[in-house]
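As structure tokens, the structure follows; a few thoughts come after it.
The values are calculated or read from the model by the stated rules, or taken from the named source; none is laboratory data. Keep in mind the model is a prediction, meaning the values are calculated, not measured. Here the Cβ is made from the backbone with ideal geometry for all residues, glycine too, and neighbour counts use every protein chain on show. All accessible areas refer to the heavy atoms of the entire protein, side chains included, with ligands and DNA or RNA removed. Shrake-Rupley method; radii C 1.70, N 1.55, O 1.52, S 1.80 Å.
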Amino acid sequence: MSEPGGVDDTVRSLLLLMPRLVGRAKKIPVPEALRSFRLAPRHLSLLACLLFDGPMTVNELAARLEVAPTTVSLLIGDLSRKGILERREDEADRRRRIIAIAPAHEPAISSWLAPGAAAWRKALTPLTPDQRRVFVDTLLAYEAAVTGEERD
């Protein structure tokens with residue numbers, strides 16, 4: 001038997017918790033206004049960045065999402081063709097494009113993603129900044145271990 005509060009005890013708790021979290025996340029219904037677009041998980045991260053951080057360039061989105069700009073460009077193209085995103089010229093540099101959620105879709109995207117953000121805020125607010133960093137770093141380390149892609 002493992003010691004209470006030991007690594008094995010914590011792993012057991014997380015092995016029970018993680019499927020419940022994933023199951024609950026999958027049960028969050030896609031708003032009717034967005035169902036026909038067949039959005040995939042890869043779209044959600046991009047939409048969340050734009051929703052919570054506002055319009056930004058392809059390179060800014062790529063940095064936030066930790067993927068190549070070409071990957072972001074493909075996602076943006078897909079969502080732009082569906083009318084979910086808008087691209088406009090950057091007034092400061094006309095060669096750059098600013099990407100934003102189309103105003104017609106912002107309420108549906110917000111109603112879909114905001115409850116999850118509110119739940120994270122509620123769970124993380126009592127923690128200190130250092131504790132929040134440890135929490136995120138732990139999730140990143142778990143992701144890396146599961147995928148076999150060790151992080152720096």
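Descriptive notes on the structure:
- Straight-line cross-link reach from LYS122 at under 21 Å between alpha-carbon atoms covers these lysines, not counting any fewer than eight positions away in the same chain: LYS26, LYS27.
- Mean Cα-pair separation over length for the stretch 8-152, i.e. relative contact order, pairs under 8 Å, 6 or more apart, %: 21 percent
- Across the stretch 127-134, computed HN-Hα scalar couplings (Karplus, 6.51 cos²θ - 1.76 cosθ + 1.60, θ = phi - 60°) run 7, 6, x, 5, 5, 5, 4, 4 Hz from first to last residue, x flagging Gly and Pro.
- Residue-wise HN-Hα couplings along the stretch 7-13, as the Karplus relation 6.51 cos²θ - 1.76 cosθ + 1.60 with θ = phi - 60° gives them from phi, are 4, 5, 5, 5, 4, 4, 4 Hz; Gly and Pro carry x.
- Inter-label distance, PHE52 to GLU91: 2.8 nm, where each label sits 7 Å from its Cα along the C-beta direction.
- Using a Förster distance of 30 Å, the FRET efficiency for LYS26-THR70 (Cβ separation, nearest 0.05): 0.55
- The stretch 81-118 and the stretch 119-152: distance between their alpha carbon centers, rounded to Å: 27 Å
- Acute angle (nearest 10 degrees) that the helix 69-81 long axis makes with the longest principal axis of the chain, alpha-carbon atoms: 60 degrees
- Listed options for semi-axes √(5λ) of the Cα gyration tensor in Å are (i) 33, 19, 15; (ii) 27, 20, 15; (iii) 32, 15, 14. The value calculated from this structure is the one marked (i).
- Long-range HN-HN contacts of THR57 with modeled amide H, under 5 Å: ILE99
- With θ taken as phi - 60° and the Karplus curve 6.51 cos²θ - 1.76 cosθ + 1.60 applied, the whole-hertz 3J(HN,Hα) list for the stretch 33-45 is 5, 10, 4, 5, 7, 6, 6, 9, x, 4, 6, 5, 4 Hz, x standing for glycine and proline.
- Net charge of neighbours whose Cβ lies under 15 Å from the Cβ of SER36, counting Lys and Arg as +1 and Asp and Glu as -1: +2
- Accessible area of the stretch 34-84 belonging to carbon and sulfur atoms, whole % at 1.4 Å probe: 54 percent
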